[in-house]
Every structure is written in structure tokens, then in C-alpha cells.
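The values are calculated or read from the model by the stated rules, or taken from the named source; none is laboratory data. Model, not experiment: these values are computed from the prediction. Cβ: placed from backbone, ideal geometry, glycine included. Neighbour counts: every protein chain shown.
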Amino acid sequence: MTSEQSVDVGSHAIDIDRHVRIYVTVFVALMALTIITVAISRLHLPLPIAVTVALLVATIKGSLVACYFMHLISEKKLIYAVLTLTAVFFVALLALPAVTHSNGYWIHK
């Protein structure tokens, strides 16, 4: 084994160690957020506040999973554009019933 190969192997091992450290940190963050979610559910907060906090924690957890375990943190801008477009259409579909409903009746032409 030449000295160049040993440097390559050494840097590869350091790179793997760095990735493992990141995954462990994300795992610890997800466990902490899960504990926070359970603790918040035990506080008996008013429903709108409880739902808001639960959705905030779920959004953070989902973002961590998507960014690190699905490797989206290193993706190009095209992937973010496609994901944003998908989210916009999803929100539009969810808002459609509220927009087409007026005074207790469906809007008819």
C-alpha cells in the first residue's frame, strides 16, 4: 500500500465518521423532539395552541428526516423547485373546499 492510498483510506474513514456523527446528532434531535411532543400532549393546552405546537414540532421532525435521511440537504435547486411546486398544489387542493363554500352553501352557477 502506497502512502497515497493510505491517505485516501484515512480521509475516507474520516468522512464516514463525520457522516455517522451527523446521523447520530439528527437521531438525538428526533428523539428530543418526540419527548417534547409527548410532554406537550401532557400539558393539556388549549386545542388551537396544542395543534399549532404539534404541527411545528412535526414540521421540524419531517424536515430533519427529509434533509438528512433522504439526502435532500445536498440536492440541487431543481429538486427544491419541484418540491415547492408540489407543496403549493397540495395547499391549493386543501383550500379548494373553503374557497368554493359560501354562506353555508356550495357555490353554484
Original post:
How many residues are surrounded by 10 or more Cβ atoms within 10 Å (Cβ to Cβ), modelled with pLDDT under 90 and not small (Gly, Ala, Ser) when one looks only at region 85-99?
Top reply: 1
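Let's see how each residue does on (1) in the same structural domain as Ala87 (by TED's automatic domain parsing); (2) closer than 23 Å to Ala87 by Cα; (3) modelled with pLDDT of 90 or more:
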residue: Val26; (1), (2), (3): no, no, yes
residue: Met31; (1), (2), (3): no, no, yes
residue: Ser41; (1), (2), (3): no, no, no
residue: Pro46; (1), (2), (3): no, no, yes
residue: Ala50; (1), (2), (3): no, no, no
residue: Val57; (1), (2), (3): no, yes, yes
residue: Cys67; (1), (2), (3): no, yes, no
